[in-house]
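Peer 1: Provided herewith is a single structure, encoded as structure tokens, for subsequent inquiry.
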């Protein structure tokens, strides 16, 4: 029957945030104290939940890492870059990809770079200090056709995987909530494997209001829900579609569902009927493309 069930997945319930995985240079406006999930550990308010470190426009630079991630950042004219820390081997691999390195370069040993990132970070010998990407709004999606919205999906690994899938399947943007969603940072960028610098990542304070705004721009809003009256395959699609997916624990919230044009479920033929949110996103995007006639 339904596959996108409102249940807590193993990945969400057991996920252990990377120590120092997100921005390390946020400042508390009131007292000038660090408000970061830094290498020395999270502060009291955000302990164990780095994505709850909400940020304003004054956020400072942070490191992204991994060859694909850094390559995409160098190829993105919207990305402000500051400096590159790299091993000799990784620098050679970047040069083999014909990447124009337009920032100061500092070569270090792999062990030295290990000390600059979280314990489990797979940096591949390359760190790039960057500013957060520009903020995008709904007004920049007016000319799009297929947009994916994530209603309070919190795991940066899931969101990163979804960003990557959205790029592969030709979506115009991925939308997340300002709160209860991962901040832009090294973990999200690495999980997206370069997609963060390729696709528009829109952050909205109110998902319900955003859905209404997109409908006013001609989009049909379809929320995935295990209780949907029809499967995604049997749901009519228009030439402009907003797909809305919720967290694996709660699904799409009631207020957001009510603002959508339709609810649809994912039906699986096998004995396992539920998918995690990143797999559900891939499948629903693929079906949407087929139903919309997008090449």
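Rule-based calculations on the coordinates, nothing more; no lab input. Given the structure is predicted, the values throughout are model-derived calculations rather than measurements. Note that we place each Cβ from the backbone using ideal geometry, even for glycine, and neighbour counts take in every protein chain shown.
Peer 1: Just from the alpha-carbon atoms, what are the Rg and Dmax of the range 169-213 in angstroms?
Peer 2: Cα-based Rg and Dmax for the range 169-213 come out at 11.4, 32 Å.
Peer 1: Zone of residue 227 (label point 7 Å along Cα→Cβ, backbone N under 12 Å): which residues in the range 258-285?
Peer 2: In the range 258-285, the label zone of residue 227 (backbone N under 12 Å from the point 7 Å along Cα→Cβ) covers 258.
Peer 1: Would you report the distance distribution of C-alpha pairs in the range 165-295 as whole percents per 10 angstrom bin, up to the bin with the largest distance?
Peer 2: 11, 44, 37, 8
Peer 1: Kindly provide the Kirkwood hydrodynamic radius of the range 134-177 in Å, to one decimal, from all pairs of distinct alpha carbon atoms.
Peer 2: One over the average 1/r among Cα pairs gives 11.1 Å for the range 134-177.
Peer 1: Against the empirical 2.2 N^0.38 Å scaling, what ratio does the C-alpha Rg of the range 69-205 come to?
Peer 2: Rg over 2.2 N^0.38 Å, computed on Cα atoms: 1.10.
Peer 1: Moving on. So how much slack lies between residue 83 and residue 261, counting 0.36 nm per residue of separation and subtracting their Cα-Cα distance, in nm?
Peer 2: 59.4 nm
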